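The values are calculated or read from the model by the stated rules, or taken from the named source; none is laboratory data. What you see is a predicted model; the values in this text were computed from it and never measured. Every residue, glycine among them, receives a Cβ derived from its backbone with ideal geometry; neighbour counts consider all protein chains shown.
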Amino acid sequence: MRQHGLGKLGTLACAGLLLVGCAQAPSEAPSAAFELTVAHVNDHHSNLLPRQATKINVLGQDYEVETGGFARVVSQVDAIRAANTNVLALHAGDAITGTLFYTIFNGEADAALMNEVCFDAFALGNHEFDNGDAGLKHFLDSLALTQDCRTEVLAANVEPEVGVSPLTPKTRWDSFKPYTIFNVGGEKIGLIGLDIAVKTKNSSQPDATTMFADELETAKYYIAELQNQGIHKIGLLTHIQYKNDLRLAEALPAVDFIVGGDSHTLLGDYAAYGLPTVGPYPMRVTNADGAPVCVAHAWQYSQVVGELKVSFAGDEVASCGGEAHLLVGTDAPAAVTESLGFTAVAKDPAAQKLLETYQESLDELTQTTIATVDERLCMKRMGPMTIADCGLGRQSDVHAVVAAAFLASAPQADFALQNGGGVRTDLNAGALTIADAYRLLPFANTLVEVQISGAEVKTVLEQAVEYALSDSGSDGAYPHGAGIRFNVDSSAANGERFSNLQVKTKTGWQPMQAEQTYTMITNSFLAGGADGWRLLGDLKQAGLVQDTYVNYAQSFVDWARKTKTIKRPTEHSTQRYRTADE
């Protein structure tokens, strides 16, 4: 492992005093100008390999290039450290959950690659809790395995129950800290970690006794504690979304910079390349004291390394600068590598070798049996199956179990809906492997939550079937669900095909209420309005769609492991299907 990072030395010096004070007598002499460089990533979600065929448009010409990958992240952070004097390397959360590297290795592969970077600090994200407090403890133990790399884990507003949670066997701060103090170039930098509270509690899987405090009030409390220790250069390492970072920055006193995550926000001049840019890198706003705050995010999936530069005049921020590095290979077209915002970087050899070792094991372990299929589960994208489909009269088996898996992965949801085309194969009786699950659900879709009224559910179902029945559409648009059921008359006029819509509640099946708002779980493909599900695209534009960033195949794998024996479903969302010939 590589030695680096001026910050860790300062942390060790104050280790015993972190929560009780590390105060110094104030100096009357004005401080010299000081520039802090922060190399940062967020939301890599177990995406350790490069992203293939990323589409980039340069001056009207389309290119498909390989971007990112953790071996390039290691190289770029090393380059930033080599080129600057006062550097901190930070990860703003959601390191895990999203690819087979997590499904198979339970965070160990992510931790090993993160240790190759050797981040100075890591903030807990909501997906760190996807396998409960015990799953997070396993990941953090893996992150702490190496002796020559110390990454401070920060989460000021996370409150596992002491003596109950495996994270807190003795004290609240057994596994992480609310903040840390770095000594960088003779300057003390306080850094507070925050996780998104409501989303983590309601949309991930923390232990029932683990609580999450309000982000703003928590930040105020620990900013005051740092100030009482004589620390006046203060940053936040957050996993609370970009819009909330801007809100906190304006509401808080004394904060100088925020490095954040969760919203997968791309900052920088990338709009001209066809990429989803949200704003400049970094964004500069004003805090409650009227002083500047530098806000930086680094997109997603190990594709971008941010290089934030915060220049101080005394304890005040004088300027915000730096750049986002969207990582591409050294063999990328010159038109891309020479464009502003793209950085050509070779893969770090040691990190690449380590990654290849995990990849080899992954190829073998995907053949691991995760469940047993009791009897053959057949597939039909739309309508009742025939004898040729292996089951006369009933609806698709595999769509029903997939929808059930999606709903089980989102306990906050009322029901799940999935399109016929998102499921690709039957499941044969016998052993079910991880490879089988990814053949069943082969696309790069994630699960999303949609806030939707009963009337809107009716509209989107009608849209889906209209598209499925149209000459230019596809039967892959047909809806299959769990926790929801309905009758379909394909011979009826458009808009009148669905009837008897019901939602399953704790007390049984109840009629869907037109004015009531429900939480629906579906896939990211449909959430964009695809396959004729147009209304979902409108709801997404209105901010009513929340991506969980959980790969939909991974959710099925997790469900299958818990279920152990998958039986042919006895309930289907389509209760009665009438064809035009009946």
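Identify, please: which residue in the range 291-315 is of a type outside the set (Ser, Thr, Tyr) and part of a loop (DSSP other than H, G, I, E, B) and is, among those, farthest from LEU267 (Cα to Cα)? Give the steps one after another, and end with the answer.
Initial filter on the range 291-315 (of a type outside the set (Ser, Thr, Tyr)): 291-300, 303-310, 312-315.
Checking the rest, the ones that are also part of a loop (DSSP other than H, G, I, E, B) come to 291, 297-300, 303, 314-315.
Values: ALA291: 22, HIS297: 7, ALA298: 7, TRP299: 7, GLN300: 11, GLN303: 13, GLY314: 28, ASP315: 26 Å.
Ranking the qualifying residues of the range 291-315, first place goes to GLY314.
Here are ALA318, ALA288: which of them is of a type in the set (Gly, Ala, Ser), at pLDDT 95 or above and outside any strand (DSSP E or B)? Walk me through it before giving the result.
Working: ALA318 fails: outside any strand (DSSP E or B).
After applying the criteria, what remains is ALA288.
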- Message: If I filter the range 553-568 for residues that are closer than 29 Å to LEU427 by Cα, under 17 Å from the mean Cα position of the chain (by Cα) and small (Gly, Ala, Ser), do I get at least one hit?
- Response: yes
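Select, from LYS199, LYS188, LYS137, the only residue that is farther than 25 Å from HIS45 by Cβ, of a type outside the set (A, V, I, L, M) and not in a loop (DSSP other than H, G, I, E, B).
Values: LYS199 fails: farther than 25 Å from HIS45 by Cβ; LYS137 fails: farther than 25 Å from HIS45 by Cβ.
Testing whether each residue is farther than 25 Å from HIS45 by Cβ, of a type outside the set (A, V, I, L, M) and not in a loop (DSSP other than H, G, I, E, B) leaves just LYS188.
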- Of all residues in the range 28-78 being assigned to a loop (DSSP other than H, G, I, E, B) and small (Gly, Ala, Ser), the one that is modelled with the lowest pLDDT: ALA29
- Task: Can you tell me which residue within the range 531-582, out of those that are in a loop (DSSP other than H, G, I, E, B) and in contact with a Gly (Cβ under 8 Å, 6 or more places away or on another chain), is modelled with the lowest pLDDT?
- Result: THR579
- Task: Quick one: PHE176 ticks every box in (1) free of Cβ contacts under 8 Å to residues at least 24 places away in the same chain; (2) surrounded by 19 or more Cβ atoms within 10 Å (Cβ to Cβ) except a single one, so which number is it?
- Result: (1)
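If you check VAL317, VAL398, which single one turns out to be outside the structural domain of GLN61 (by TED's automatic domain parsing), buried (at least 16 other Cβ atoms within 10 Å of the Cβ) and among the β-branched types (Val, Ile, Thr)?
On the way: VAL317 fails: outside the structural domain of GLN61 (by TED's automatic domain parsing).
Unique residue meeting the criteria: VAL398.
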- Quick count over the range 227-247, residues being crowded, with 23+ Cβ neighbours inside 10 Å and part of a helix (DSSP H, G or I), is 2
- When you scan the range 416-439, how many residues do you find that are polar (S, T, N, Q) and either closer than 11 Å to ILE370 by Cβ or outside the structural domain of SER524 (by TED's automatic domain parsing) (or both)? 1
- Query: How many residues, within the range 517-555, are touching a Ser or Thr at 6+ places or on another chain (Cβ under 7 Å) and surrounded by fewer than 14 Cβ atoms within 10 Å (Cβ to Cβ)?
  - Reply: 1
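Can you give me the number of residues within the range 415-428 that are surrounded by 21 or more Cβ atoms within 10 Å (Cβ to Cβ) and more than 18 Å from PHE525 (Cα to Cα)? Write out each step before concluding.
Applying the first criterion (surrounded by 21 or more Cβ atoms within 10 Å (Cβ to Cβ)) to the range 415-428 yields 415-420, 422-423, 427.
Then drop every residue that is not more than 18 Å from PHE525 (Cα to Cα), which leaves 427.
Within the range 415-428, residues that are surrounded by 21 or more Cβ atoms within 10 Å (Cβ to Cβ) and more than 18 Å from PHE525 (Cα to Cα) number 1.
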- Message: Every residue in the range 436-485 that is at pLDDT 90 or above, in a helix (DSSP H, G or I) and farther than 30 Å from GLY508 by Cβ, please.
- Response: ASP436, ALA437, LEU440, GLU466, TYR467, LEU469
- Message: I'd like to verify a number: residues in the range 321-374 that are part of a helix (DSSP H, G or I) and not polar (S, T, N, Q), how many?
- Response: 16
- Task: Tell me, please, whether a residue that is modelled with pLDDT of 95 or more and either β-branched (Val, Ile, Thr) or within 28 Å of ASN131 (Cβ to Cβ) (or both) can be found in the range 495-504.
- Result: yes
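Looking at ASP256, is it charged (D, E, K, R) and either within 26 Å of ASP78 (Cα to Cα) or part of a strand (DSSP E or B) (or both)?
On the way: charged (D, E, K, R): yes; either within 26 Å of ASP78 (Cα to Cα) or part of a strand (DSSP E or B) (or both): yes.
So ASP256 fits the description; yes.
Looking at the structure I just gave you, is ASP414 under 30 Å from THR200 (Cβ atoms), among the acidic types (Asp, Glu) and in contact (Cβ under 8 Å) with a residue 24 or more places away in the chain?
Values: under 30 Å from THR200 (Cβ atoms): yes; among the acidic types (Asp, Glu): yes; in contact (Cβ under 8 Å) with a residue 24 or more places away in the chain: yes.
In short, yes.
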- Task: Restrict the check to the range 464-473 and report whether at least one residue is surrounded by fewer than 16 Cβ atoms within 10 Å (Cβ to Cβ) and hydroxyl-bearing (Ser, Thr, Tyr).
- Result: yes
